[in-house]
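A short worksheet on the structure shown next.
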């Protein structure tokens, strides 16, 4: 999957993308892979939350949304409510994202998307 090319085409002229380029320009490939693994780890936590019977609006799920948002902000760009909401929708509308997120457990993308939607509506 060529996220990098698609991302630049869709959002290359945005403030968030410019911040992403600035923040990640000195990351080595190994560092970038490690940070990406960190995102995967957070989605694995969403899977565990979902499989334990929690609802997307539960405190545990909402805490994971906050963790995801902070992780994105710390490592890529400022993750505003608007961006977070868009990401949540992208996780289920783009099959590449959905399939990748669901590798940890089927339904994780939908669960995370619903949790993000609830979080952003608060």
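Quick note: the coordinates plus some simple rules give every number you see, no bench work behind them. Quantities reported herein were computed from a predicted structural model and do not represent experimental measurements.
What do you get for the angle between helix 59-75 and the principal long axis of the chain? Use alpha-carbon atoms, 0 to 90 degrees, nearest ten. Value to nearest ten degrees: 10. Each part gets one Cα centre, and for the range 100-122 versus the range 23-69 those centres are 11 Å apart.
Taking only Cα atoms, what is the 0 to 90° angle, nearest 10, from helix 29-51's long axis to the longest principal axis of the chain? That helix lies at roughly 10 degrees to the long axis.
For the range 29-121, the relative contact order is 36 percent, taking Cα pairs closer than 8 Å that sit 6 or more residues apart in sequence and dividing their mean separation by the residue count.
Which residue fluctuates the most in the chain, going by a Gaussian network model with Cα springs under 10 Å, if the choices are 103, 67, 30? Largest GNM mean-square fluctuation: 30. The long axis of helix 81-93 is offset from the longest Cα principal axis of the chain by roughly 70 degrees.
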